[in-house]
1. Give the peptides 17-24, 36-43 in descending order of average Cβ contacts within 10 Å, highest first.
2. Can you give me the distance in nm between label points at Ala50 and Thr2, each placed 7 Å from the Cα along the Cα-to-Cβ direction?
Amino acid sequence: MTEAMMRSCAATVASPVEEIAQAYLSTAQGDASLALRRAITDALSDLLEAERRTRETGRMISRGYVRRPG
């Protein structure tokens, strides 16, 4: 999809997805391939961070059940 097409889509349907896509495309100076790679990199980074937090929370809960007072 060209930058002009992205702008047209964003203007007609200002969904969060279109807004994010336009922001990545603008940051990449219209290079759609670079914008896509950056979006995927950010999404994977966020996913890994969420998984890390989930594991950390799971360990905290498990330790709470294992420990016994005194």
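Derivation of every value follows stated rules applied to the coordinates shown; laboratory data play no part. Note that the structure is predicted; figures quoted are calculated from it, not measured. Positions of Cβ are generated from backbone atoms using ideal geometry, with glycine treated the same way; all protein chains shown enter the neighbour counts.
1. 17-24, 36-43
2. According to this spin-label approximation, the distance is 3.5 nm.
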